[in-house]
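K.L.:
Attaching a single structure in structure tokens format; questions to follow.
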Amino acid sequence: MPPLLEVRDLVKHYPLTRGVLFRKQIGAVKAVDGVSFDLRPGETLGIVGESGCGKSTVAKMLVSLERPTSGRILYKGEDITGLSGRALKAVRRNIQMVFQDPYTSLNPRMTVGDIVGEPFDIHPEVAPKGDRRRKVRELLDVVGLNPEYINRYPHQFSGGQRQRIGIARGLALNPEIIVADEPVSALDVSVQAQVVNLMEKLQTEFGLAYVFIAHDLSIVRHISDRVGVMYLGRIVETGTDTEIYDHPTHPYTQALLSAVPVPDPEAREQRERILLTGDVPSPTGIPSGCRFRTRCWKARERCALEVPLLAVPAAFRDADTPARHDSACHFAEEKRVVPGDPRGHTG
Ligand SMILES: Nc1ncnc2c1ncn2[C@@H]1O[C@H](COP(=O)(O)OP(=O)(O)O)[C@@H](O)[C@H]1O
Ligand code: SF4
Ligand SMILES: [Mg+2]
């Protein structure tokens, strides 16, 4: 089956200006700086990375809330990047977003019924006026909320319930793709799993494809078929969940994983903790060569001179394994996690 979405070299630069009266552009915030991936029907692509690495900006471009500076987004083979008007509206219906913070993304003055039914204002053909309340009740039921709550207001619900409301609204137009931007990050840990489980159930029920964004690798593992790890506006490693979690090849992924808590004490004992030093550089001043080099313990001269491309490392190219495991590191083949680590356990 062809991909539902093909994202090619997506870039979003925000102009950085100075002066109030005579605004002068003095640089650019390179929020997203060349992101490519495919999304196939019914699958979940997890995107992870620290705060500020460009995840939300990617999400907004996918649902046409932001226009890319350059690059393309193909939906079922059709370039949707430059669409406007009715053509854009038709595509948007199939790509919906669930927002990060259910406390601020729901209008406090609207009832749940109006919030969930709001997409029908834009697409009345999906639910004619007389049929709306029935549809909304159905949606509430589908996300595990009592349909009798249709006239209540957001403040009468818990965080988890509010995110269910957000999900119901995302489902209203029966989309094929849901872009979920950190849908559980604002929720209590105890509630996070419930919302993730609900999203998995809905995926099976409606054949949805997800772009599931998180800053925490442990949340994404459970739900993702493939994972892309972002750093400073780019994907630095991508592969199936097993490849990323059990055989990470990019030093940044290795560091992120080493920070994920491990419940098993023996496994914890076995593990080398990699502490990243220094701060993430500003997206207005991205380092030359490899953008991760200022924090990378493996960095050497070549890293400052040459941009590593996201590709399958040469030593791992194997005709028998069609799955791609790409890494944007010049030294991705090296098995050892940390210099001096005798176990070399990631290899
Ligand atoms: N409208 C904007 N104007 C200028 N800079 C922006 C804008 N939106 C986001 N940024 C910057 O782009 C970078 C990426 O932001 P964002 O996509 O929100 O990251 P994430 O979701 O991974 O935390 C950040 O440095 C942020 O400050
Ligand atoms: S290319 Fe160099 S700096 Fe970049 S991740 Fe690989 S070793 Fe580190
Ligand atoms: Mg964000």
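Laboratory data are not the source of any read-out in this text; all were calculated from the coordinates shown. Just so it is clear, the model here is predicted, and its values are computed rather than measured. A quick note on method: Cβ atoms are made from the backbone with ideal geometry, for glycine too, and the neighbour counts reach across all protein chains shown.
K.L.:
From the convex hull of the Cα coordinates of the chain, what is the mean projected area in square nanometres?
P.N.:
That works out to 20.9 nm², a quarter of the Cα hull's surface.
K.L.:
Also: Between the range 278-295 and the range 174-224, what is the C-alpha centre distance in whole Å?
P.N.:
Value for the Cα centre distance between the two parts: 30 Å.
K.L.:
About its Cα centre, what dipole magnitude does the range 234-327 give when the only charges are +1 on Lys and Arg Cβ and -1 on Asp and Glu Cβ, stated in debye to the nearest 20?
P.N.:
Value, rounded to 20: 540 debye.
K.L.:
Summarise the long-distance tail of P(r) for the range 234-327 by giving the % of C-alpha pairs beyond 21 Å.
P.N.:
Of the Cα pairs, 41 percent sit more than 21 Å apart.
K.L.:
Please determine, in degrees from 0 to 90 and to the nearest 10, the orientation of helix 159-171 with respect to the longest principal axis defined by the Cα atoms of the chain, where the helix direction is its Cα long axis.
P.N.:
Roughly 80 degrees, rounded to the nearest 10.
K.L.:
Which number do you get for Rg(Cα) / (2.2 N^0.38 Å) in the range 202-244?
P.N.:
1.23
K.L.:
Separation of the range 135-169 and the range 1-60 by C-alpha centroid, Å?
P.N.:
Cα centroid of the range 135-169 versus Cα centroid of the range 1-60: 31 Å apart.
K.L.:
Run the dipole for the chain about the Cα centre, Lys and Arg Cβ at +1, Asp and Glu Cβ at -1, nothing else charged, and hand back the magnitude in debye, nearest 20.
P.N.:
1320
K.L.:
What number of lysine-lysine pairs in the range 5-224 show an alpha-carbon separation below 26 angstrom, given a sequence spacing of 8 or more or placement on distinct chains?
P.N.:
Lysine pairs, 8 or more places apart or on different chains, close enough: 19.
K.L.:
Calculate, for Asp9 and Glu148, the FRET efficiency according to 1/(1 + (r/R0)^6) with r their C-beta to C-beta distance and R0 56 Å; round to the nearest 0.05.
P.N.:
0.70
K.L.:
Say a site is exposed when it is one of the chymotrypsin sites (Phe, Trp or Tyr not before Pro), sits in a DSSP loop, and has at most 14 other Cβ atoms within 10 Å; what is then the longest site-free stretch of the chain?
P.N.:
Looking at the chain, 104-296 is the longest stretch - no exposed chymotrypsin sites (Phe, Trp or Tyr not before Pro) with at most 14 other Cβ atoms within 10 Å.
K.L.:
Two decimals is fine: what's Rg over Rh for the range 146-302, C-alpha atoms, Kirkwood radius as Rh?
P.N.:
1.04
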